[in-house]
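Undergrad: Here you go, one structure.
The values are calculated or read from the model by the stated rules, or taken from the named source; none is laboratory data. Model, not experiment: these values are computed from the prediction. For neighbour counting, all protein chains shown are included, and Cβ atoms are generated from backbone atoms with ideal geometry for every residue, glycine included. We work out accessible area using only protein heavy atoms, side chains counted, and drop any ligands, DNA or RNA first. Shrake-Rupley method; radii C 1.70, N 1.55, O 1.52, S 1.80 Å.
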Amino acid sequence: MREPEHRGPGPVPATAGDTAAVVLDEEGVVLARSQRAATLLDCSPGRTCVPLLGMLPRAGTDAGRTGHLTTAPGAGRTARQPPLVCTVVPLTAHAPGGPGTGTQWLVLLTPEETAEGAAERDAHRRRTGLSQAAAAGIGTSLDVIEMAETLVNLLVPDFADLATVDIAENVLVGDEPPRFDTSGDVRLRRTAAAQSPEISAEDLLAVGEALPPVTDSTLMRPLMKGLPVLVPDVAVLQAKLGVDPKALPLFVPSGAHSSVAMPLYARGLILGCVTVWRSQLPYAFGEEDAALLRDVVSRAALGVDNARRYTKEHRSVVTLQRSLLPRSALDSAAAETVGVYQPAGDGLSVGGDWFDVIPLPSLRVAFVVGDVVGHGLDATAAMARLRTAVQTLADLDLDPGELLTHLDDLVLGFSEEQMTSESRSDRAERSEPAVLGATCLYAVYDPVAGRCAVAAAGHPPPVLLPPDGEPVFLDVTPGPPLGVGGVPFQVTEFVVRPDSMLAFFTDGLVESRGGDIEEGMERLRGSFAGADPRTLPLDELSRTVFDGVRPEEPVDDAALLLARIHALPSDQVAEWELEADLSLVAHARELVVGQLSDWQLDELGFVTELVVSELVTNAIRYAGGPVGLRLIRDRVLVCEVSDPSSTQPRLRRARETDEGGRGLFLVAQLTDRWGCRFTGTGKTIWTEQPLAGPRG
């Protein structure tokens with residue numbers, strides 16, 4: 001029958017899948033009924049339905065009634081049929097197709113929910129809610145501990161009164177747990193726990209503690225195979241767990257009546273174990289609960305395994321990057337330096353920021369800071385290639401602009417390699433070459449001249465903090481980022497007073513999500529205000545500045561390099577200028593021997609006299625004059641000879657028949673290091689000898 005239209009007073013009763021409908025006349029005769037009503041009542045159309053007759057309102061009323069009807073067994077009905085809730089609604093219109101013209105009544109019959117049915121419905125609701133919450137909440141984190149905490153918070157209090165997660169110690173650091181059989185051993189550590197407010201678990205193992213070993217038993221053996229262990233009666237667990245009775249409270253909470261243990265099982269590995277307990281919830285765990293927990297924990301196991309593998313990769317990247325960075329603190333004749341590096345956010349996003357301090361000939365030093373776009377192992381590998389390239393180019397003693405030009409060419413080469421490694425289809429879709437995004441700043445400081453030369457490739461300028469002034473950003477002419485190509489990099493030179501401080505940084509230190517980088521740079525400049533670079537310990541200052549300037553929610557990794565500048569005292573430097581006259585070579589030897597005697601370095605006189613004689617002779621003979629001669633004394637003795645020629649000297653082994661060509665070879669054999677660098681007025685050949693005598 002079709003559901004009749006309700007036009008009477010009162011609300012329309014709710015109907016469900018178990019609701020039956022019967023239409024009666026005022027005498028209780030069945031006019032129509034639904035199929036469901038036929039299974040509940042032994043009343044046929046055209047006959048009086050005695051059980052429902054008493055439910056009809058008295059004559060002269062038009063109000064519906066609600067009551068209970070207990071049915072007896074009959075055709076299509078069982079002896080345990082629950083009572084029916086009867087709702088009587090008057091109809092002002094005839095039932096479609098129904099006989100008679102008097103008042104008609106619609107009777108809706110719904111089985112009354114019993115206590116057992118309510119409990120089952122509540123349990124079903126809990127299981128459905130847990131399954132939905134697990135699907136939405138598990139697997140959203142790449143942190144093992146956070147994943148475990150999410151899991152226990154999902155299980156308590158709707159599914160269990162107490163939930164614990166124990167994870168293998170190897171997994172917590174990113175490694176795989178050992179594969180084991182029933183005789184194996186996996187060391188577990190309590191990683192997360194949650195409990196209902198009504199229960200007490202003071203004696204239970206605390207979060208962070210290691211679980212005592214549990215002997216092999218038939219009760220717990222299914223865990224080794226990735227299967228659940230359902231314990232409807234905790235007394236059985238206490239008897240068969242096989243642990244010291246004194247340690248039993250660490251495993252079993254007091255007052256619990258049932259439990260389920262489920263291994264975190266993924267890719268054939270036991271990553272840990274999830275255990276749930278019930279004490280306040282009245283009904284014990286059953287097979288359906290165990291099946292539901294297995295589904296939830298299987299999701300969590302995959303999430304934990306993904307987090308474990310991410311932790312391992314992150315640890316490898318961090319280790320790699322920190323091994324590529326220089327020592328955090330260095331001290332040389334030119335500067336004292338301290339560097340700080342920190343990944344983005346919670347440390348899970350390692351990028352390509354780096355800094356470097358490179359000693360150069362003649363006691364000079366190079367400061368490098370750079371940033372490769374991106375995060376992860378690829379960015380770290382790209383950073384390693386760039387850092388190695390900078391160190392190699394620095395060894396050629398190039399000026400900052402020329403060095404960045406060569407580095408720019410290398411980045412373009414990296415991009416070509418990337419394009420070559422891509423598939424043909426990917427290349428067809430790309431309209432322009434893939435450029436490795438990177439920025440770099442390269443500065444060279446000369447402690448003898450007290451000057452610093454800087455060139456930047458898309459990188460923010462350093463901060464200069466004079467010993468008695470306000471911090472300022474150096475006016476460095478900016479260049480394009482590395483990989484653009486075709487644009488020269490301009491070198492900016494400035495004087496740096498002794499005891500000044502230079503601060504080099506990457507944009508991750510001053511850039512925040514949705515913020516202005518200019519505001520961050522102003523915070524950085526302001527953080528140095530009032531600081532005395534001559535007295536403050538660099539390590540303390542670097543950490544204070546780094547923590548105070550970096551945004552609360554950083555979007556990128558960051559690096560900061562502080563350098564306290566030194567100047568070489570004038571009494572450690574001696575320099576002369578000679579005309580292009582070969583007769584002055586003997587005078588150059590006399591000048592050098594006399595200066596070494598004043599410095600109490602007479603034992604270096606013979607070698608240094610010979611080196612100066614060869615270099616000055618070659619400079620006068622092949623380059624002309626004037627010729628500059630300089631000695632620098634520090635941890636090593638530096639000898640420099642400058643001339644106006646730009647010809648690169650070449651070291652070669654002279655043949656027996658050659659009359660010349662042995663001078664530079666002799667110089668290389670007598671000194672520790674030698675080299676040549678080009679200047680704006682020519683070139684300088686330098687040598688280094690270790691100091692063997694006392695320093696004045």
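Undergrad: Per 0.36 nm of contour for each residue apart, how much would the distance between Thr681 and Phe665 grow if the chain were fully extended, relative to their Cα-Cα spacing?
TA: On the way: separation 16, 0.36 × 16 = 5.76 nm, distance 2.53 nm.
Full extension of this stretch gives 3.2 nm more.
Undergrad: Only four residue types carry charge here, +1 at the Cβ of Lys and Arg and -1 at the Cβ of Asp and Glu. Report the dipole size of the range 269-419 about the Cα centre in Debye, rounded to the nearest 20.
TA: Numbers: 12 positive and 21 negative charges, 165 e Å.
My answer is approximately 800 debye.
Undergrad: Still on this structure, please answer the following. Mind putting a number on the dipole of the range 126-176 about its Cα centre? Charges go on the C-beta only, +1 for Lys and Arg and -1 for Asp and Glu, and I need it in Debye to the nearest 20. Could you put the intermediate results ahead of the total?
TA: On the way: 2 positive and 9 negative charges, 88 e Å.
Magnitude of the dipole: close to 420 debye.
Undergrad: Compute, for the range 536-605, the length of the dipole vector about the Cα centre, with Cβ point charges of +1 (Lys, Arg) and -1 (Asp, Glu) only. Units Debye, rounded to 20. Please list the in-between numbers first.
TA: Working: 4 positive and 16 negative charges, 21 e Å.
Computed charge dipole of the range 536-605: roughly 100 debye.
Undergrad: Cα to Cα, under 23 Å, and not fewer than 8 places away if on the same chain: which lysines meet these conditions relative to Lys225?
TA: Within the straight-line limit of under 23 Å, Lys225 reaches these lysines: Lys240.
Undergrad: Sorting Lys312, Lys240, Lys225 by accessible area (1.4 Å probe), largest first, what list results?
TA: Details: Lys312 95, Lys240 115, Lys225 140 Å².
Correct descending sequence by accessible area is Lys225, Lys240, Lys312.
Undergrad: Positive end of the dipole of the range 558-639, charges at C-beta (+1 Lys, Arg; -1 Asp, Glu), about the Cα centre: which of Ala558, Gln600, Gln572 has its Cα farthest in that direction?
TA: Ala558
Undergrad: Using a 1.4 Å probe, how large is the accessible area of Leu172, given in Å² and rounded to the nearest 10?
TA: Accessible area, nearest 10 Å²: 50 Å².
Undergrad: Here is a follow-up. When the Karplus curve 6.51 cos²θ - 1.76 cosθ + 1.60 is applied with θ = phi - 60°, which whole-Hz ³J(HN,Hα) does each residue of the range 227-232 get, with x for Gly and Pro?
TA: 9, x, 10, 9, 10, x
Undergrad: Which number do you get for Rg(Cα) / (2.2 N^0.38 Å) in the range 511-609? Let's see the in-between values first.
TA: Values: Rg = 25.1 Å, N = 99, 2.2 N^0.38 = 12.6 Å.
With N residues counted in the range 511-609, Rg over 2.2 N^0.38 Å equals 1.99.
Undergrad: Something else: Between the DSSP loop rule and a limit of at most 14 other Cβ atoms within 10 Å, which GluC sites (Glu not before Pro) in the range 281-390 are left?
TA: Numbers: sites: Glu287, Glu288, Glu313, Glu336; in loops: none.
Within the range 281-390, no GluC sites (Glu not before Pro) qualify (loop, at most 14 other Cβ atoms within 10 Å).
Undergrad: Another question, if that's okay. How do Tyr265, Tyr442, Tyr622, Tyr283 stack up against each other in accessible area, from largest to smallest, with a 1.4 angstrom probe? Before the final figure, lay out each step's value.
TA: Numbers: Tyr265 95, Tyr442 0, Tyr622 165, Tyr283 65 Å².
Per-residue accessible area, sorted high to low, gives Tyr622, Tyr265, Tyr283, Tyr442.
Undergrad: In nm, what is the difference between 0.36 nm times the number of residues separating Gln391 and Ser44 and their Cα-Cα distance?
TA: Values: separation 347, 0.36 × 347 = 124.92 nm, distance 9.94 nm.
Additional length available on full extension: 115.0 nm.
Undergrad: I've got another one for you. Just to be sure I understand the model, the point goes 7 Å from the Cα along the line to the Cβ. What's the resulting Glu522 to Arg267 distance in nm?
TA: 5.0
Undergrad: Right, next: What's the extension gain from Asp203 to Ala291 if we count 0.36 nm per residue and subtract their Cα-Cα distance? Please list the in-between numbers first.
TA: On the way: separation 88, 0.36 × 88 = 31.68 nm, distance 2.90 nm.
Contour length minus the Cα-Cα distance gives 28.8 nm.
Undergrad: Taking 45 Å as R0, compute the FRET efficiency from the Cβ-Cβ separation of Asp532 and Glu575 and round it to 0.05.
TA: 0.85
Undergrad: Would you list which lysines come within 23 Å of Lys246, measuring only between C-alpha atoms, while excluding same-chain residues fewer than 8 positions from it?
TA: none
Undergrad: Taking the mean number of other Cβ atoms within 10 Å as a proxy for protection, how do you rank 624-637, 293-306 from highest to lowest?
TA: Details: 624-637: 19.1, 293-306: 21.7.
In descending order of packing, they fall as 293-306, 624-637.
Undergrad: Here's another thing I want to ask about it. Read phi for every residue in the range 566-583 and hand back ³J(HN,Hα) as whole Hz from Karplus 6.51 cos²θ - 1.76 cosθ + 1.60, θ = phi - 60°, with x for Gly and Pro.
TA: These are the phi-based 3J(HN,Hα) values: 10, 10, 7, x, 5, 6, 9, 10, 9, 9, 9, 10, 10, 6, 7, 9, 5, 5 Hz.
Undergrad: Taking the full set of protein chains and a 1.4 angstrom probe, give the accessible area of Ile138 in square angstrom, rounded to the nearest 10.
TA: Using a 1.4 Å probe on the heavy atoms, I get roughly 20 Å².
Undergrad: Shifting gears a bit: Report ³J(HN,Hα) in whole Hz for each residue of the range 484-493, in order, from the Karplus equation J = 6.51 cos²θ - 1.76 cosθ + 1.60 where θ = phi - 60°; Gly and Pro get x.
TA: Coupling constants for the range 484-493: 7, x, x, 10, x, 9, 8, 9, 10, 10 Hz.
Undergrad: Can you tell me which of 37-47, 157-167 comes out highest on packing, and rank the rest after it, using the mean Cβ neighbours within 10 Å?
TA: Details: 37-47: 17.0, 157-167: 24.5.
Highest mean packing first, the order is 157-167, 37-47.
Undergrad: Ignoring ligands, DNA and RNA, how do Phe414, Phe505 rank by accessible area with a 1.4 Å probe, largest first? Write down the numbers at each step before the final one.
TA: Details: Phe414 35, Phe505 0 Å².
Result, largest first: Phe414, Phe505.
Undergrad: Would the range 192-320 count as rounded, prolate or oblate if I go by the C-alpha gyration tensor, calling it rounded below 1.5 in a/c and otherwise prolate when a/b exceeds b/c, oblate otherwise? Don't skip to the end; give the middle numbers.
TA: Working: a/c = 1.76, a/b = 1.59, b/c = 1.11.
Here the range 192-320 falls in the prolate category.
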